[in-house]
Amino acid sequence: TDIILIQENLLQAVLWDRMSIPTLLVLYGSQTGTAQDTAERVGRQAQRRRMGVRMHALDTYNVANLISESLVVFVCSTTGQGDPPDNMKNFWRFLFRKSLPAGSLCRLDYAVLGLGDSSYAKFNFVAKKLHKRLQQLGASALLPVGLADDQHELGPDAVIDPWLVLFWQKTLSLYPLPAGVSPLGDQDPLPPRYVFHFLDEITEKLAEQPLPPDDHALPSSTHPFPARVVSNQRVTDPSHFQDVRHIEFDITGSKIQYSAGDVVMIRPCNSPEDVEHFCQLLRLDPDRYFTLTPTDGSTAPVPVRLPQPCAVRYLVERYLDVAAVPRRSFFELLASFATDEMERGKLAELSSPQGQDELHSYCNRPRRMALEVLADFPHTTAELNVNYLLDLIPEIQPRSFSIASSLLVDPSVKTNVLQAHHNRIQILVAVVKYKTRLHKARKGLCSSWLASLDPSQGEVCVPLWVKKGGLKFPQDPHTPVIMVGPGTGVAPFRAAIQERIAQGKTANLLFFGCRSETKDFYCRTEWEEKVQAGHMTLFTAFSRDQEDKIYVQHRVKEQAKLLWDMIANRNAVFYIAGNANQMPAAVCDALKEVFKQEGGMTESQAQEMLNSMEKTGLFQSETWS
Ligand code: 2AM
């Protein structure tokens, strides 16, 4: 039968080739994995429609080839303050070269699907700008750019679903399938991307690190540096609700260099309990080893992060994001395996277009994780074909943390125990814990994992790498900096203050806010010493030490005269870092008040001044949610 199958496949391939099956190129730029997941969904839909599919992260695609493409869909998210994701930065630079002739993409039919968050000012900026640029280069848009929004009460799918319907209508009318080729039904399973080959025995214990360290390159996503955890201390009072950690890593031998404003990338691991639970549900032996090979239908090579052979435990602990809220594609795939009638009905509903409200209240609202969903569908889970594991569950994504230390710090200065050090990276981590309708308290995967690391129990290493951050500090020693960083927002400013003092730059103004002087005023001794030495000025806002809330923006307004003098006469740079909620907008309002009060400006003049400061880098912000 194998031979017959091969013959049939060959015949079909020859036929299809003659009939010229249209091919869709899916290019994505993804920071947290959502755009990649969406791109993969488009790829699967194309496979169901019997089209050829190629899929690439934008930076792994040779952009020069774009001139000879005919049909491309771009799926791109927007990060930070309107920036493209890391894996499309090179593409972005190339695309905006002035030397590209206007009609160079005139053969190209394309569509752009953007993923964004309308609580940020530059909503879907990358998708919009890409769309414009492609048109400028002569390419034809199949349909208007799709602007998916995380803030939509039903999530980004509320925009993606109807956009895809229209996309397929347009695409199939321009690129119809040859007569006689019919699309697959929604229920027909697609082949998995990889096949697992389990090994019966493994003769020697394999190293934990997947890849040999690359002696020449700097640590990166595929070659992270295993940094030893030097210390992990709670810096908030034990009676305080919020656990904030000050964690120090040793980067000796890593070749990592960084400066104030840079961020460290860390990919967390799943907890041992979750790993056990997952293996039990899928009836997998965590100690068994396997190798992976891509199938014919695979659009991507085997992930380089996975060692070959790889232990099941390694895969589940370090690769599969079982603690994330699963996406709709997860339910679609799970539904195709269900044989138990009850489970099948429920899964079919949750993955259908009509079931999206239900899916949202079952999954997204209570932030139910993939592992818990699998436990809710035990029969289906136990019958899952293991080859589909990597199709079902996405990869754990790295998290970024603003570095809170400087390599330039003078080690001869004796401060407190949190004294920084050469060859070290320090971060401040707020341990994420919250309640939903589910009884079990929710935990942030990365912060909880980091908080659990205890170097006193033996050596622990965290794989990490460093990236340029969004904040830049001035070279000129006389330019003052005004920094507003409540809570862990103070992290990049601690790096800046240490670095600047080491460089002899002492015009440092810090606004710090927390709930209480006695509970969460971390780095206090360090600031007090630096204030005494005349190296910085500190304004604090303790929001809950009195009846009425006092926030950093109130302190900014109180210091109107001083700030105006620094900004208007001394070219000071103004920075905000911290939680993206209401704080950044409130601080901007306070700053505009300063301009109005001290500079005699109207509201619109003040806004204009703020805009022009932003354009020239005199106003910078780094916010996170
Ligand atoms: P709160 O929790 O008492 O409201 C660090 O988290 C500090 O930021 C806390 O003191 C917190 O105060 C404060 N904070 C909360 N919302 C804020 C806002 N909109 N603007 C400024 N600070 C805020």
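The values are calculated or read from the model by the stated rules, or taken from the named source; none is laboratory data. For clarity, every value in this text was computed on a predicted model and none was experimentally measured. Don't worry about glycine lacking a Cβ; one is built from the backbone with ideal geometry, like all the others, and counts go over all protein chains shown.
Structure summary
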quantity	calculated
Which listed residue, of V417, V481, V409, is at pLDDT 95 or above and β-branched (V, I, T)	V481
Exclusive hit being of a type in the set (S, T, Y), under 21 Å from the mean Cα position of the chain (by Cα) and modelled with pLDDT under 95, set S99, S118	S118
The one condition in (1) under 30 Å from Q354 (Cβ atoms); (2) in a loop (DSSP other than H, G, I, E, B) that L306 fails to fulfil	(1)
Cβ-Cβ under 7 Å pairs, at least 6 apart or on other chains, segment 533-561 side of a type in the set (D, E, K, R), far side in a strand (DSSP E or B) and within 9 Å of the ligand (Cβ to nearest atom)	R555/A541
Hits in segment 483-507 (condition: crowded, with 22+ Cβ neighbours inside 10 Å, more than 16 Å from the ligand (Cβ to nearest atom) and of a type outside the set (G, A, S))	I497, Q498, R500
Scan of segment 475-503 for residues that are among the aliphatic types (A, V, I, L, M) and closer than 26 Å to N423 by Cβ, ordered by number	V481, M483, V490, A491, A495, A496, I497, I501, A502
Residue satisfying all of: in segment 192-206; among the β-branched types (V, I, T) and part of a loop (DSSP other than H, G, I, E, B); modelled with the highest pLDDT among these	I202
Residue satisfying all of: in segment 568-593; in a helix (DSSP H, G or I) and more than 16 Å from the ligand (Cβ to nearest atom); surrounded by the fewest Cβ atoms within 10 Å (Cβ to Cβ) among these	N569
Residues satisfying the stated conditions in segment 515-567, i.e. in a helix (DSSP H, G or I), within 11 Å of the ligand (Cβ to nearest atom) and of a type outside the set (S, T, N, Q)	V552, H554, R555, V556
Some residue of segment 598-612 being among the hydrophobic types (A, V, I, L, M, F, W, C) and within 16 Å of the ligand (Cβ to nearest atom)	no
Test: residue in segment 334-348 that is in a loop (DSSP other than H, G, I, E, B), touching a residue at least 60 places away in the same chain (Cβ under 8 Å) and under 18 Å from T34 (Cβ atoms)	no
In segment 140-191, the residues that are part of a loop (DSSP other than H, G, I, E, B), touching a Gly at 6+ places or on another chain (Cβ under 9 Å) and over 26 Å from R365 (Cβ atoms)	V145, L190, P191
Qualifying positions in segment 613-625 - within 16 Å of the ligand (Cβ to nearest atom) and either part of a strand (DSSP E or B) or touching a Phe, Trp or Tyr at 6+ places or on another chain (Cβ under 9 Å) (or both)	S621, E622, T623, W624
Qualifying residues in segment 469-501 (those that are in contact with a Phe, Trp or Tyr (Cβ under 8 Å, 6 or more places away or on another chain) and among the charged types (D, E, K, R)) - the one farthest from L407 (Cα to Cα)	R500
Residue list for segment 597-625, restricted to those being farther than 30 Å from Q31 by Cα and surrounded by fewer than 16 Cβ atoms within 10 Å (Cβ to Cβ)	Q597, G599, G600, T602, E603, S604, Q605, Q607, E608
Pairs, first at positive phi in segment 571-584, second more than 8 Å from the ligand (Cβ to nearest atom), C-beta under 6 Å, six or more apart	N571/T479; G578/G485
Criterion violated by C106 - all others in (1) surrounded by fewer than 19 Cβ atoms within 10 Å (Cβ to Cβ); (2) part of a strand (DSSP E or B); (3) not hydroxyl-bearing (S, T, Y) satisfied	(2)
Some residue of segment 452-459 being in contact (Cβ under 8 Å) with a residue 60 or more places away in the chain, buried (at least 21 other Cβ atoms within 10 Å of the Cβ) and not β-branched (V, I, T)	no
